[in-house]
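One structure is given here, and the rest of the page talks about it.
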Amino acid sequence: MTDPVVHIAQLNLQYAHGVVLDQLDWQLLPGECWLIGGKSGSGKSVFAKSVAGLEETSGTIRIKFDPLSLLPPRVLYVSNWYQFTNLEGNRNFYYQQRYNKQQKNDTLTIYAELAAYAKSENLSMGDLEQYLELFGFVDLKATQLIELSSGEHKKLQLIKALWLKPQLLIVDEPYTGLDKASRQKLNGFFDALAADGVHLVLVTNETGLPRCINRFAEIEGGKLRQVDSVQALSTDFNRIPRALPSFLREAPALSADIMVEMENIHVRYGEKTVLKGIDWTVRAGEKWLLQGHNGSGKSTLLSLITGDHPQAYANHIRLFGHRRGSGESIWEIKERIGIISPELHWYFDKTARVWQAVASGFYDSIGLFRQVSYEKQEQIDQLLDFFELTEDKNRLITTLPLGKQRLVLLARTIIKNPPLLILDEPCQGLDHTQTALFNAVVDELCGFGKTLIYVGHYETQLPSCLEKKIVLEKGEVRVIEEINELAY
Amino acid sequence: MANYFNTLPLREQLNQLGVAEFMDISEFADGVSALKGKKIVIVGCGAQGLNQGLNLRDSGLDVSYALRKEAIEQKRDSWKNATDNHFNVGTYEELIPTADLVSNLTPDKQHSSVIDAVMPLMKAGATLSYSHGFNIVEEGKEIRKDLTVVMIAPKCPGSEVRAEYLRGFGVPTLIAVHPENDPQGKGLAEAKAYCVGTGGHKAGVLRSSFVAEVKSDLMGEQTILCGLLQTGSILSFDKMIEKGIEPGYAAKLVQYGVEVITEALKQGGITAMMDRLSNIAKIKAFEVSEELKTIMRPLFQKHQDDIMSGEFSRGMMEDWANGDKKLLEWRAATGETAFEKTPAGDIKIGEQEYFDHAIFMVAYIKSGVELAFETMVEAGIKPESAYYESLHETPLIANTIARKKLFEMNRVISDTAEYGCYLFDHACKPLLADFMKTVDTDIIGRNFNDGKDLAVDNQALIVVNEAIRTHPVEQVGAVLRRAMTAMKAIKTA
C-alpha cells in the first residue's frame with residue numbers, strides 16, 4: 001500500500017471555551033482531493049489550519065512529500081479572509097487608512113509584492129499573467145496593497161497559491177466574491193493543478209466544485225467524518241424567527257426626506273481617477289443595492305457617506321439635509337449610520353468581547369470607553385437574545401465562527417436604531433446557509449422605516465427588501481434602475 | 001535670544017515647572033465651540049501637521065495649510081499630503097493674515113525661522129499654537145504681545161493621533177498657555193477646544209506649562225524613553241552573542257521583547273510588569289534594578305542638570321548651526337551596531353518567554369523609569385508630568401523598536417530626542433561596563449527559572465512587592481491610568 005501524503009492521528013485542540021478537535025484521525029492518500037464542509041462553528045477552518053501547522057495541537061501530523069515531484073514540497077493554507085503587513089511588518093492599521101493619503105509608501109505595490117514572491121519562491125513571472133486575468137488584477141499591478149479591498153486581498157492569496165503549486169494546497173472558502181464565470185475558470189485551474197500532482201483540500205459548503213474533488217468529509221464532535229457526496233454534508237439549522245426587540249420596531253427619527261444627495265462626485269489620487277461624475281440620491285426609506293466589480297469604486301463611494309473619506313470635503317454631498325463640510329463633525333454623521341464592511345471587521349479590535357462590542361455601537365467607537373446606562377444594557381441583552389448570541393456574550397469575538405462574528409457586528413451597528421444602514425459585502429466569506437440567515441435578519445430589521453444600502457456580488461443571495469439598484473463600472477454609474485424581481 | 005527659563009527668577013521657575021493639573025472630562029463640555037467658525041491655519045504638513053489637521057476638520061473646524069513657497073512650487077511631500085486630502089493650501093503670505101489660530105507643527109529646528117516669517121503676517125489678537133515648547137523656552141523666542149500663545153501636545157506619534165481619533169478615542173495630551181502671551185485670557189478655552197478637535201480630551205489631559213513640558217519632555221526622551229532603550233537593546237544583544245546565544249534568537253528577543261515587556265508596563269505600571277515574573281525572578285530583577293539605579297543615578301542627574309541650565313540645548317543648537325554634523329555621525333554609527341544588522345530569526349517566542357528569558361531587560365526598564373521619574377520630581381517637576389514623560393511613553397517608543405529596531409525609533413522621534421538619546425547612550429555604556437561583566441545568560445537569553453527551586457522566603461517577597469508598589473510613580477500612575485483604560489494594546493508580532 002502507498003504511504004499517505006497526510007497522516008493525522010489522535011489530533012487534539014482545545015480553546016478556552018472548549019474542545020475543538022478531539023482525537024481526530026485522517027489520512028489523505030496520493031491522488032486524493034478533499035472537500036471539508038459541514039456546519040459553521042464545527043471547526044473546519046481550525047482543522048485546515050492545523051494541517052498546515054498554524055494551530056498549536058497535540059497528536060501526530062505527518063506530511064510526506066513526493067521527493068520525485070517537481071512541485072515545491074510545501075503545505076499552503078489560503079485563509080477565508082486576509083490580513084497583510086506594511087513594509088515594516090506592522091499590522092497596526094485602522095480601517096479608514098486607505099483613504100488617508102500620506103506621502104510615505106507604507107506598503108508594496110501588487111507588482112512589487114508578486115515580484116518579491118517570485119524571487120523568494122523561484123517562480124517565473126511569465127506564468128503569472130493567466131492568474132491575474134482570472135481575478136481581474138491586470139489593471140491593478142501598480143496599486144498599493146493598502147488600497148485593496150479585502151476581497152481583492154483574498155484573491156491575491158489565491159493567485160500566489162495557484163502560481164506556487166505546492167504539493168498540498170488547502171483553500172478556505174475559495175469562491176468568496178467570485179462570479180459564476182470566474183468560479184468555473186478557477187475550477188479549471190484547480191483541476192489542472194490536481195492533474196500536475198497537487199493535492200487539493202477545499203473548505204466550503206458551496207456546490208459547483210472542481211472535478212478533481214473525490215473525497216468528502218465534515219468535522220463533527222471534534223472528529224472527521226467521511227461522507228459520500230456534497231449532498232450528504234450536514235447543514236446548519238434554519239433559524240426560528242423571533243420578534244424584533246421593541247426598541248428596533250420604532251421608526252428612527254428622520255431629519256430629512258433625502259438621506260444622501262451626491263452631485264457630480266469626483267475622487268482622484270494624483271493621476272488615478274477612482275470616481276467620476278457620480279450623481280446619486282437616496283431618499284428616506286429606500287432600499288438600495290450597490291454593485292460593481294472589484295475596484296469599481298463601491299467602497300470609496302460609501303466612505304464618502306460614512307465620513308471616512310477626506311475627499312468628501314471637496315465634493316458636493318448633502319447628508320441628512322446638511323451640506324458636507326459645513327461645520328459638522330464626522331461623529332454627528334456616524335450617529336445616524338449603521339455600517340458593516342469587511343474592512344471594519346478586519347481591523348476590529350482583536351481584544352473585544354461580544355457584549356462590549358455591541359455596546360460600543362452606541363458610541364460609534366471601536367472599543368468601549370464609557371459606562372453604559374441601565375436602559376442601554378437592557379437593549380443590548382434583548383438584541384443579543386434576538387441574534388441568539390446570549391451564550392456567547394462574554395466571548396472574544398475572534399473565537400466565534402465567521403458567520404457569528406458578522407452577526408455581532410450587525411448587532412453592534414443596529415443597536416442605536418440608525419435611520420441609514422450601510423452593509424458593504426456583509427456576507428463576504430460566509431457560506432450559503434450563513435448568508436441566507438444573515439439576509440433574513442436584514443429583511444426583518446429593515447421593515448421599520450430604515451433606509452438601506454447593501455453591497456452584494458452578482459451571484460450571491462441578497463435580501464428580498466431591495467428595490468433599487470445602482471451599478472458602478474470603473475468609477476462611473478453604469479445603471480440606476482428599479483429592481484422588479486431579483487433574478488438570482 | 002536668551003533662554004527664556006534662565007531669564008526667570010527662581011520663584012517663577014519653580015512656579016512654572018510646577019504646573020500639572022489632571023483635567024476632568026467635564027472641563028471639555030464646550031467641545032470645539034471656542035474655535036467654531038474660526039480659521040485655523042497649520043504651518044507644516046508632516047506626520048503631526050497632517051494628522052492633527054485631519055482630526056480638526058473631521059471635528060467640524062475650518063483647517064488650511066500654509067507652506068513655504070518652495071514646498072508648493074516643488075510639490076514636496078508636505079504639499080502632496082495636504083492637497084491629496086483636499087485641504088486648502090497656500091503660502092504664508094496668502095493664508096497667515098486670514099488666520100484666527102496659527103498652529104506651528106514644523107520640526108523644532110525650523111521653529112525660529114518659521115516664527116520669524118509668520119509672526120509679522122499674523123493679524124492682531126490671533127493665537128499661535130505649538131505642540132512642543134522648545135522654541136519658546138530654550139530658544140527664548142519672544143512673541144508679539146497682542147498674540148495668544150498656547151500649546152497642545154499629543155503624547156503620541158502623528159499616525160496614532162489619527163488612528164485613535166477614528167476609533168472614537170484619542171491620545172493623552174498636554175495643554176498649556178504661555179503666561180507671557182495671554183492678553184485676552186482666551187488661551188485656555190482655545191487650547192481646550194483644539195484638544196477636543198484632536199480627540200485628546202477622551203484619553204486624559206494634563207494642564208501643563210511650556211516650561212514644565214519642555215524640561216520634562218527633554219529629560220524623558222533622552223533618558224528612559226530613547227537613550228535607555230537603545231543602550232539596553234545593544235547591551236542585551238551583545239551579551240547574548242558573547243555568551244553563545246543564537247544571533248537570530250537574540251535579535252528577536254530584544255527587538256520584540258521591549259514591546260511585550262512594556263505592554264505590561266502600560267497596562268499596569270511597574271507592578272504589572274514585575275508581576276509577570278516568577279517570584280524568584282522578580283526578586284532577582286529587583287536586586288539587579290537596584291544595583292543599576294545606583295550606578296546610573298549620576299548620569300540621570302547630569303542630564304537633568306544640563307536640561308535645566310540650558311547646557312543641553314546650547315550644545316544641540318551648536319550642532320544645528322554646524323549642519324547636524326554630530327547627529328548624522330552618531331546616527332550612522334547606530335546603523336552599524338551588531339544588533340541593528342542582525343535580522344530577527346524566524347523562531348517562535350511565546351509571550352511569557354519574553355519575560356522569563358530577559359529579566360535583565362525587565363530590571364533595566366524598571367530602573368530607568370524610576371530613575372527618570374525620581375530625578376524629574378527632585379528637580380521640581382510635578383509627578384503627573386514626570387509620569388507622562390517616563391512610564392507613559394515608554395511602550396510607545398518600544399513599539400517603534402519592534403517595528404524596525406533602533407533605526408525606526410530614531411526615525412520616528414524628533415531630531416532633538418535623537419540627539420539626546422545618543423548623548424545618553426554614549427555615556428551609559430562605559431558606565432555599565434564593569435557591571436555587564438557580571439551578567440550571564442541566566443538573566444538575558446535563557447529562562448531564569450530553569451533548573452531552580454521556585455520557592456521563596458515570604459518575608460523577602462513581601463519586602464520586594466512593597467517596594468515596587470509604593471514607589472511614587474506607581475501611585476500617580478494608578479490615578480492617571482484610570483483615564484486611559486481604553487488605550488488599545490499595541491499589536492505584537
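Rounded to the nearest 10 degrees, the angle from helix B:359-378 to the longest Cα principal axis of chain B is 40 degrees. Between B:V479 and A:S58, what is the FRET efficiency for a Förster distance of 45 Å, r being their Cβ-Cβ separation, to the nearest 0.05? E between B:V479 and A:S58, to the nearest 0.05, is 0.50. Mind running the shape call on the range B:247-384? Use the C-alpha gyration tensor, a ≥ b ≥ c as the square roots of the eigenvalues: rounded below 1.5 for a/c, prolate if a/b tops b/c, oblate otherwise. Oblate shape, in that a/c is at least 1.5 and b/c is the bigger or equal ratio.
With each label modelled as a point 7 angstrom along the Cα→C-beta vector, the A:E332-B:D450 pair spans 6.3 nm. Helix B:325-335 and the long axis of chain B differ in direction by around 40°, with both axes built from C-alpha atoms.
Here the simple spin-label model places points 7 Å from the Cα toward Cβ, and for B:L14 and B:D30 these points are separated by 3.3 nm. I'd like the distance between the alpha-carbon centres of the range B:276-325 and the range A:324-384, rounded to an integer number of Å. Centre-to-centre distance over Cα atoms comes out at 43 Å. By its C-alpha gyration tensor, with a ≥ b ≥ c as the square roots of the eigenvalues, how is the range B:71-166 shaped: rounded for a/c under 1.5, else prolate for a/b larger than b/c, else oblate? Oblate, since a/c reaches 1.5 and b/c is not below a/b. Each of B:K36, A:K119 was scored by other Cβ atoms within 10 Å of its Cβ. Arranged with the fewest first, they read A:K119, B:K36. For B:E418, the shell of other residues with beta-carbons less than 13 Å away shows a net charge of -4, using +1 for Lys and Arg and -1 for Asp and Glu. Computed from the C-beta positions of A:D127 and B:D77, the FRET efficiency with R₀ = 45 Å rounds to 0.75. Across all directions, the average projected area of the convex hull around the alpha carbons of the range A:280-414 is 9.7 nm².
Of B:C226, B:C428, the sequence from fewest to most neighbouring Cβ atoms within 10 angstrom is B:C428, B:C226. Taking a ≥ b ≥ c as the square roots of the eigenvalues of the alpha carbon gyration tensor, the range B:335-472 is oblate, as a/c is not under 1.5 and a/b does not beat b/c. Does anything in the range B:32-60 have its amide N under 19 Å from the 7 Å Cα→Cβ label point of B:T91, and if so which residues? Counting only backbone N, you get B:41-45. Counting, for every residue in B:73-83, the Cβ atoms of other protein chains within 10 Å of its Cβ and taking the mean gives 2. Which parts of the range B:1-23 would a label at B:D116 reach, counting a residue when its backbone N lies under 15 Å from a point 7 Å out along Cα-to-Cβ? Output list for this probe position: B:1-2.
Here the average projected area of the convex hull drawn through the C-alpha atoms of the range B:21-207 stands at 9.5 nm². Exposure proxy for B:V150, B:V32, B:V362: other Cβ atoms within 10 Å of each Cβ, ordered fewest to most, give B:V32, B:V150, B:V362.
The alpha-carbon positions of chain B define a convex hull whose volume is 143 Å³ per residue. On the beta carbon distance between A:K468 and A:A195, with R0 = 45 Å, the FRET formula returns roughly 0.45. Compactness of the protein assembly as shown was expressed as the Cα radius of gyration divided by 2.2 N^0.38 Å, which yields 0.99.
Listed by number, the DSSP H helices of chain A that run 24 Å or longer by alpha-carbon position along their axis and have mean Kyte hydropathy of at least -0.5 come to an empty list.
Between the range B:381-443 and the range A:256-317, the alpha-carbon centres lie 47 Å apart. Across peptide B:57-63, the mean count of Cβ atoms from other chains lying within 10 Å of each residue's own Cβ comes to 5. Report the residues of the range A:296-331 in range of a label on A:E476: point 7 Å along Cα→C-beta, backbone N strictly under 19 Å from it. Hits in the range A:296-331 for A:E476 at 19 Å: A:296-301. The average projected area of chain A, computed from the convex hull of its Cα atoms over all directions, is 23.5 nm². Spacing of the modelled spin labels on B:K325 and A:R211, each 7 Å from Cα toward Cβ, amounts to 7.8 nm. Taking 4.7 Å between beta carbons as the limit, the unpaired Cys residues of chain B are B:C45, B:C156, B:C195, B:C428.
Peptide B:158-169 shows a mean partner chain C-beta count of 6 within 10 Å per residue C-beta. Structural descriptor for chain B: relative contact order 19 percent, calculated from alpha carbon pairs under 8 angstrom and at least 6 residues apart.
None of the figures in this text is laboratory data; all of them are computed from the coordinates on show. Note that this is a predicted model, so its numbers are computed, not measured. Heads up, the Cβs are rebuilt from the backbone with ideal geometry, glycines too, and the neighbour counts pull from every protein chain shown.
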